[in-house]
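Okay, structure first, notes after.
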Amino acid sequence: MNNKKNQGRPKINWDLLTYDDFDLDRLDKVKKKQLNKIETLQKKLDKIDGLINTLQNQQQKYQLSKSPIENTLEKHSIELNKILMVIDQKSKIFSKNDDRITLIRSEKSVRGKISYFGKTIWCHIGSNHKNGLVHKGKKIGSMTRAQLCDEFRHKVQIKIQTSWVNS
C-alpha cells in the first residue's frame, strides 16, 4: 500500500519551463500574445459553431421541403403503374404473344377469348370453311394456332374500337 499522503499541490517540473530566462515585462507581452491567440481561436470556434447551427437549420428546412416532393413522386409512380397496366392490357391485342389468347375449335367454327381490362372478350374468328381476313388464301379450319391468333387479334381489335365509338 502507498502510505504516502497527497499534501499540497503537485510537484512542478521546473526543468520543462522554457520562459525562465525572460524578464517580467517580456513575459507579460508573451502572455498577452497567448491570450490574444486563444481569444482569436475561440472566436473562430464560435463562428464555426454558428455556421454548424445555420447548416443544421437549413438541413431541417430542406428535410421538410423534401416530404411534399416525395409525396408527388409517389403519386407519379402510382400513375405510371396505372399507365403501364393499361399499356399491358392494350398490348394484348397488338402483341404477338399467343399465350394470352384462348382458342376454342368446334366442328363448324373457331372462337377466341382474351381477358381485357378484367373482362373476358369473346370473338368469333370464323367458320371452318371460310377464308381468313388476315391470311386470305387459307381456310380457317386448316390454319395453325399462330394464324388463328392473328385472325383473332384482327377481329377483336375491330370489335374493341367500334365498342369505344359506340360507348
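The values are calculated or read from the model by the stated rules, or taken from the named source; none is laboratory data. As the structure is a computational prediction, the values presented were derived from the model and not from experiment. In this analysis, Cβ positions are derived from the backbone assuming ideal geometry, glycine residues included, and neighbour counts consider all displayed protein chains.
If I filter the range 66-84 for residues that are of a type outside the set (Val, Ile, Thr), surrounded by 10 or more Cβ atoms within 10 Å (Cβ to Cβ) and closer than 30 Å to Met143 by Cα, do I get at least one hit?
The answer is no, given that none of the residues of the range 66-84 is of a type outside the set (Val, Ile, Thr), surrounded by 10 or more Cβ atoms within 10 Å (Cβ to Cβ) and closer than 30 Å to Met143 by Cα.
Within the range 80-107, can you find the residues that are modelled with pLDDT of 85 or more, assigned by TED's automatic domain parsing to the domain that holds Lys138 and not aliphatic (A, V, I, L, M)?
Thr102, Arg105, Ser106, Glu107
Which of the numbered conditions does Gly50 fail, given that it passes all the others? Conditions: (1) within 27 Å of Leu148 (Cβ to Cβ); (2) surrounded by 10 or more Cβ atoms within 10 Å (Cβ to Cβ).
Here Gly50 clears every test but (1).
Taking the range 108-131 as the search range and keeping residues that are touching a helix residue (DSSP H, G or I) at 6+ places or on another chain (Cβ under 7 Å) and modelled with pLDDT under 90, which one is surrounded by the fewest Cβ atoms within 10 Å (Cβ to Cβ)?
Phe117
Are there any pairs, at least 6 apart or on different chains, whose C-beta atoms fall under 9 Å, with the first in the range 67-87 and in contact (Cβ under 8 Å) with a residue 24 or more places away in the chain and the second of a type in the set (Val, Ile, Thr), and if so, which?
If the second residue must be of a type in the set (Val, Ile, Thr), no pairs are left.
List the number of the failed condition for Thr40; all other conditions in (1) of a type in the set (Ser, Thr, Tyr); (2) farther than 30 Å from Thr120 by Cα; (3) within 35 Å of the chain's Cα centre (by Cα) hold.
(3)
Counting residues that are among the polar types (S, T, N, Q), which strands (runs of 3 or more DSSP E) fully inside the range 31-132 reach at least 2?
109-116, 119-127
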